[in-house]
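Okay, structure first, notes after.
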Amino acid sequence: MIPAVEYHRSALRFLAARGASGRVSGVLGDAVAGSLAPLRLVNLPDPKRPAEGWVRVRPKLSGICGSDLALLSAKASPYLSPVVSTPFIPGHEVVGELLDGAGDVPAGTRVVLDPVLACATRDIEPCAQCAAGEESRCDHVTAGVVSAGLQTGFCADTGGGWSGMLVAHERQLHAVPDGLSDKAALLVEPLACAVHSVRRAAIPDGASVVIVGAGTIGLLTLLAVREYAAPGAVYVVAKHKHQHDRAVALGATEVVDPRQAPRVLRRATGASLHDPERGPDYLLGGVDVAFECTGSSGLDAALRLVRAGGRVVLSGMPSRGADLTPVWFRELELIGSYASAGSRQEGDGNRTTGDFADALVLAGTAPIERYVDAVYPLSQWREAIGHALAAGRLGSVKVAFDPTKD
Amino acid sequence: MSRPGFVLEVDERTPPLLVHEGEGFRLERFPLGTQVIYPPDAVPGVPDLDAAVDAALAGPEGSAPLAELLTPGTKLTIVFNDLSVPTPPMAAPDIRSRIIEAVLEVAAATSVDDVELIAATGLRRRLTPAELRSLVGDRIYASFHPDHLRCHDAEDRATLTLIGSTDEGEDVEVNTRVADSDLVVFVNVNVGAVTGGALSCVAGLLSAASSGHLYGVPGGEIVAGALPDAGLRAADERMAALLEAKVKVFRIDSTLDNSMFPSRLSFVYKREWEWSLKDQGAFLTAQRANSLTPAKLRHRLWHNLRAPYRVTGITSGEPGAIRTRTLAQVDAQQRTEVSGQSDIAVFGLPYSGPYSVNSITNPVLVAGLGLGEFFNAYRGRPLVRRGGVVILYHPVPLSFHPVHHPSYIDFYDEVLAGTTDPSTLSQKFEKQFAQDEWYRHLYRNSYAFHGVHPFHVWYRACRARDYVGDVICVGADRQAAARLGFRTASTLADALEMATGSVGRSPRIAYLHNPPRTLADVR
């Protein structure tokens, strides 16, 4: 038997969490919302390996992601409901230890998880997207040997990181180099998402960039922009002082408060500022590329800061609507960026490339280990979720579970 | 004959004294021994204004009468100063409209038909049509606007001309119409409660670049020990001399009495121990009504005030020749002799200053009002000694007028957030703001102050800030005051306690009882 924090369908809790997160503001509201999340701490039998190629993993750390929080506070779009299967164990940011050998990788090896459950993991013929190497776009996330689930952590059959054990396909796993700490390794998955976003954005050399949001995804996107693009100025919109300091340390040209962003970017880009009858100010002119990294109101802000013909990349999971008029009026490119592009073997097969592999390398060189600054045992899931919901205000970046702790 | 100015030394019989603090006022009890500087009572106004105007035009000083300067074909430009003087604005009819009408009558009588009117707005905002109409009157407005009555545009390259450089190497670029005129008549309202009176007419007609010579970053004068506004005055005189050497300037100065508030607020003019029961009732009613009025309505009521000034004198002629007489008239109304400098100067700042007429006195303008206008309301020496302390009364609300002061918002949010040092912000930010196309657009086409204007206000404030040891704001928003580099106190007692670090435990305190305008002649 393993301990696990399990997500279950509960209309009452759904409504309660939605109400608390919407009506009670501040840290208290986040604590209440955390307590009301449709989660429960349970003891479950060890998950079964669904087919050949699947192995057992014992999570050492598992992060709490913005998409988890959107789901738990009932802010996630119902669009995703067909591609999850309940009850499931959340946790798709995982660094763990192999309990079974996976090909050439022996049991006991530390691994990180690429959570996408694409055709190859489901033991079915590849769909057109998978065949083209775009596994994060897999059309078959409801078919095959495991239940519906866009990722590990949203699938009833695989288990998830918020437990004592999960099962994963060998293709999902990447060995962690010895020099990389567990905390840094935990950030490889979100860093891979950030690398993917930057590649999706195809930032022209010298282009100006704004990153809206300076939580985990925002900061890691900044890191990836600096590593994999050659932009001009990179502006970061950050709410909190610690986010400001971290963004500066990662090389932001300027970090601005959300309320001041339109005015600062107007000056920086030589744009003009306009004040509509209702709603926030917007720019005519503005930055070339924007990354939305808040998963909430950041999209609306980003659309108002980008020049005509500019590009807006949706890095955060959208949980709130936005006025799309700028997309029409300014002929913006709105680009989605989900998870990471799968790893590919290159050359003689000894070299793996792709977003995830690159993130694994980058995590080893970047000063991000201290971003994981709050680790809870599973038994304190209420406190952990409350903390994660209020992470920005509390000075934290990434809150995580350590399932090995009591 | 009105009573002259007076310095009261506070003793145990002294009642609490009126202190302005933005859109409100309070009665404050000052420490024993505080010197309170009152201006002279309102001096008598000119009994027959039209006759006084005619007499001034017919009998100028250092110049032939206006009629003799005009001949058919004369290219005549009438320049007048804008809403920044006087504050509060004058109740209709504005004296400028009377004088300009008289000038136009003389011009018409001499068959001069090439006449243009220019509001010398400098880097300040354009005036709205209604504001222009209020300055020049309905008849002139209807006859001249918009083709022959307009505001100066310091960014319109097509209407600016370089007329030369001063001995100090300052390029003087002025309004082309002015430079090309045969005669420039400068209609000036002089309330100059600052060192040396009003600036010359050139100040409001310069290009943005040339304005930088006047109001630019503080330089050696502070290091050299000169008085805070000395550099500004000297640069103005150099540039005015250059213009006057090229173009004939006929200046008409009018001076006003101290009737800054309507009769219902007449207690403002009186010395507190002379308040009658009616005055006390009027004060209590006004204070209570003010505190109960919603903020937006209160703001509107204050800014709708129009002052029933009376004109105390009109002088015309060659600018240098009339300066002494104009200043004498200003002195008669505002000057009070003070014996020696103080360790602490207390200023109660009113709701509006020259750059916030019909607008909002934002935090940067509060600094400009306190350390630019009030600090410089002296003759001889500043009221406070070098290294002393200035105590300001103002709530310093964190509020900006989005149309009038867009660059002030960014200046406060971005520039002052990083540094208050004028040299640093001059090197790092001034050029950006000066050349910002959006600010230029708003200055030229909307009603915004020029992008670089907050820098000029700040530099002037910094000259005084560098002179004193500390600035403490009573009743101010802490965040806003801290951004300005000022300390905050809840009460005067707290402020005085905080000042002990700079001036010791027995400081000599002076309170400039202003408004009404008071000019401290410090001996």
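Can you name the residue in the stretch A:197-210 that is in a loop (DSSP other than H, G, I, E, B) and in contact with a Gly (Cβ under 9 Å, 6 or more places away or on another chain) and, of all such residues, is nearest to A:P262 (Cα to Cα)?
By that ranking, first place goes to A:S208.
Across the stretch A:87-106, which residue is nearest to A:D178 (Cα to Cα) among those that are of a type in the set (A, V, I, L, M, F, W, C) and touching a helix residue (DSSP H, G or I) at 6+ places or on another chain (Cβ under 7 Å)?
Ranking the candidates gives A:V95 first.
Just to be sure I understand the filter: pairs with C-beta atoms under 8 Å, separated by 6 or more residues or on different chains, first member in the stretch B:444-466 and over 25 Å from B:R150 (Cβ atoms), second member at pLDDT below 95 and among the charged types (D, E, K, R). Which pairs pass?
B:F455/B:E430; B:R460/B:D229; B:R463/B:E221; B:R463/B:D229
Taking the options B:L132, B:L76, name whichever one is in contact with a strand residue (DSSP E or B) (Cβ under 6 Å, 6 or more places away or on another chain) and of a type outside the set (D, E).
Going through B:L132, B:L76 in turn, just one is in contact with a strand residue (DSSP E or B) (Cβ under 6 Å, 6 or more places away or on another chain) and of a type outside the set (D, E): B:L76.
Which one of B:A102, B:A154, B:A119 is at pLDDT 95 or above and farther than 30 Å from B:F374 by Cα?
Checking each option against the conditions leaves just B:A102.
Checking the structure you have, find out if any residue of the stretch A:343-353 is more than 14 Å from chain B (Cβ to nearest Cβ), part of a loop (DSSP other than H, G, I, E, B), in contact (Cβ under 8 Å) with a residue 60 or more places away in the chain and under 20 Å from the mean Cα position of the chain (by Cα).
First, pick out the residues of the stretch A:343-353 that are more than 14 Å from chain B (Cβ to nearest Cβ): A:343-353.
Keeping just the survivors that are part of a loop (DSSP other than H, G, I, E, B) gives A:343, A:347-350.
Of the ones still in play, those that are also in contact (Cβ under 8 Å) with a residue 60 or more places away in the chain are A:343.
Those left that are additionally under 20 Å from the mean Cα position of the chain (by Cα): A:343.
Among the residues of the stretch A:343-353, at least one is more than 14 Å from chain B (Cβ to nearest Cβ), part of a loop (DSSP other than H, G, I, E, B), in contact (Cβ under 8 Å) with a residue 60 or more places away in the chain and under 20 Å from the mean Cα position of the chain (by Cα), which makes the answer yes.
Suppose we keep only residues that are touching a strand residue (DSSP E or B) at 6+ places or on another chain (Cβ under 8 Å) and outside any helix (DSSP H, G or I) within the stretch A:211-228. Which one would you say is surrounded by the most Cβ atoms within 10 Å (Cβ to Cβ)?
A:I211
Could you please tell me which pairs satisfy a Cβ distance under 8 Å, a separation of 6+ or placement on different chains, a first residue in the stretch B:416-438 that is at negative phi and facing another protein chain (nearest Cβ under 9 Å), and a second residue that is part of a loop (DSSP other than H, G, I, E, B) and surrounded by fewer than 20 Cβ atoms within 10 Å (Cβ to Cβ)?
As it stands, the answer is B:D436/A:G270; B:E437/A:G270; B:W438/A:G270, since those pairs meet every condition given.
Can you tell me which residue within the stretch B:385-402, out of those that are without any contact (Cβ under 8 Å) to a residue 60 or more places away in the chain and of a type outside the set (G, A, S), is farthest from B:G353 (Cα to Cα)?
Filtering first and then ranking leaves B:R385.
Kindly evaluate B:F411 against the criterion of being within 13 Å of another protein chain (Cβ to nearest Cβ), crowded, with 23+ Cβ neighbours inside 10 Å, outside any loop (DSSP other than H, G, I, E, B) and of a type in the set (A, V, I, L, M, F, W, C).
yes
Okay, residues lined up against (1) closer than 30 Å to A:L44 by Cβ; (2) surrounded by fewer than 24 Cβ atoms within 10 Å (Cβ to Cβ); (3) of a type in the set (D, E, K, R):
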| residue | (1), (2), (3) |
| --- | --- |
| A:D114 | yes, no, yes |
| A:A132 | no, yes, no |
| A:V146 | yes, yes, no |
| A:C155 | yes, no, no |
| A:L166 | yes, no, no |
| A:R171 | yes, yes, yes |
| A:C193 | yes, no, no |
| A:V198 | no, no, no |
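Mind checking which residues of the stretch A:226-263 are in contact with a Leu (Cβ under 7 Å, 6 or more places away or on another chain), away from chain B (no Cβ under 14 Å) and closer than 25 Å to B:S407 by Cα?
Residues satisfying the conditions are A:V234, A:V236, A:A252.
Checking B:A328 against (1) within 16 Å of the chain's Cα centre (by Cα); (2) free of Cβ contacts under 8 Å to residues at least 12 places away in the same chain, only one condition comes out false. Which one?
(1)
Restricting to the stretch B:292-331, what's the tally of residues that are aliphatic (A, V, I, L, M), surrounded by fewer than 18 Cβ atoms within 10 Å (Cβ to Cβ) and part of a helix (DSSP H, G or I)?
Quick first cut of the stretch B:292-331, residues aliphatic (A, V, I, L, M) only: B:292, B:295, B:297, B:301, B:305, B:307, B:311, B:314, B:321-322, B:327-328, B:330.
In the following step, the residues that additionally are surrounded by fewer than 18 Cβ atoms within 10 Å (Cβ to Cβ) were identified as B:292, B:295, B:297, B:301, B:305, B:321, B:328.
Cutting the leftovers down to part of a helix (DSSP H, G or I) gives us B:292, B:295, B:297, B:301, B:321, B:328.
Final tally of qualifying residues: 6.
Can you pull out the residues in the stretch A:198-220 that are under 16 Å from A:A247 (Cβ atoms) and within 16 Å of the chain's Cα centre (by Cα)? Break it down stepwise before answering.
Start the filter on the stretch A:198-220 by keeping residues that are under 16 Å from A:A247 (Cβ atoms), which leaves A:198, A:208-220.
Correct list: A:V198, A:I211, A:V212, A:G213, A:A214, A:G215, A:T216, A:I217, A:G218, A:L219, A:L220.
Inspect all residues belonging to the stretch A:251-258 and state whether any of them is more than 24 Å from A:D205 (Cα to Cα), touching a strand residue (DSSP E or B) at 6+ places or on another chain (Cβ under 6 Å) and surrounded by 15 or more Cβ atoms within 10 Å (Cβ to Cβ).
The answer is yes; a qualifying residue exists.
What are the residues in the stretch A:173-191 that are of a type in the set (D, E) and either surrounded by 21 or more Cβ atoms within 10 Å (Cβ to Cβ) or touching a helix residue (DSSP H, G or I) at 6+ places or on another chain (Cβ under 6 Å) (or both), if any?
So the first thing to find is which residues in the stretch A:173-191 are of a type in the set (D, E), and the list is A:178, A:182, A:189.
Result: A:E189, single match.
Mind checking whether some residue in the stretch A:314-330 is on the phi < 0 side of the Ramachandran plot, in contact with a Leu (Cβ under 6 Å, 6 or more places away or on another chain) and modelled with pLDDT under 95?
Going through the stretch A:314-330, the residues on the phi < 0 side of the Ramachandran plot turn out to be A:314-330.
Retained after the next criterion (residues that are in contact with a Leu (Cβ under 6 Å, 6 or more places away or on another chain)): A:322, A:326-327.
Restricting the remaining residues to those that are modelled with pLDDT under 95 gives A:322.
Looking through the stretch A:314-330, at least one residue is on the phi < 0 side of the Ramachandran plot, in contact with a Leu (Cβ under 6 Å, 6 or more places away or on another chain) and modelled with pLDDT under 95.
When the residues of the stretch A:264-305 are narrowed to those that are aliphatic (A, V, I, L, M) and under 21 Å from A:A230 (Cα atoms), which ends up nearest to the other protein chains (Cβ to nearest Cβ)?
Out of the qualifying residues, it is A:A268.
Regarding B:Y355, is this residue within 14 Å of chain A (Cβ to nearest Cβ), touching a helix residue (DSSP H, G or I) at 6+ places or on another chain (Cβ under 8 Å) and closer than 30 Å to B:L297 by Cα? It would help to see each step written out before you state the result.
Values: within 14 Å of chain A (Cβ to nearest Cβ): no; touching a helix residue (DSSP H, G or I) at 6+ places or on another chain (Cβ under 8 Å): yes; closer than 30 Å to B:L297 by Cα: yes.
Spelling it out, it is not the case that B:Y355 is within 14 Å of chain A (Cβ to nearest Cβ), touching a helix residue (DSSP H, G or I) at 6+ places or on another chain (Cβ under 8 Å) and closer than 30 Å to B:L297 by Cα.
Filter the stretch B:163-172 down to the residues that are free of Cβ contacts under 8 Å to residues at least 60 places away in the same chain and either touching a Leu at 6+ places or on another chain (Cβ under 7 Å) or within 22 Å of B:V115 (Cα to Cα) (or both) and list them by number.
The one that is free of Cβ contacts under 8 Å to residues at least 60 places away in the same chain and either touching a Leu at 6+ places or on another chain (Cβ under 7 Å) or within 22 Å of B:V115 (Cα to Cα) (or both): B:D171.
Those residues that are assigned to a helix (DSSP H, G or I), among the small types (G, A, S) and either under 19 Å from the mean Cα position of the chain (by Cα) or at pLDDT below 90 (or both), I need them from the stretch B:189-240; list them, please.
Listed by number, the residues that qualify are B:A203, B:G204, B:S211, B:G212, B:G220, B:A230, B:G231, B:A234, B:A235, B:A240.
Which of (1) at pLDDT 95 or above; (2) more than 30 Å from A:G386 (Cβ to Cβ) does A:E97 not meet, given it meets every other one?
Single failed check for A:E97: (2).
When residues of the stretch B:89-111 are filtered for being touching a Pro at 6+ places or on another chain (Cβ under 9 Å) and surrounded by 22 or more Cβ atoms within 10 Å (Cβ to Cβ), how many remain?
1
Here are some conditions: (1) more than 12 Å from chain A (Cβ to nearest Cβ); (2) crowded, with 24+ Cβ neighbours inside 10 Å; (3) within 23 Å of A:H274 (Cβ to Cβ). B:S399 meets all but one. Which one does it not meet?
With respect to (1) more than 12 Å from chain A (Cβ to nearest Cβ); (2) crowded, with 24+ Cβ neighbours inside 10 Å; (3) within 23 Å of A:H274 (Cβ to Cβ), B:S399 is out only on (2).
Only one of (1) small (G, A, S); (2) without any contact (Cβ under 8 Å) to a residue 60 or more places away in the chain; (3) not in a helix (DSSP H, G or I) fails for B:A476. Which number is that?
Failed condition: (2).
The values are calculated or read from the model by the stated rules, or taken from the named source; none is laboratory data. Note that the structure is a prediction, hence the values are computed from the model and not measured. Positions of Cβ are backbone-derived with ideal geometry, glycine not excepted, and every protein chain shown enters the neighbour counts.
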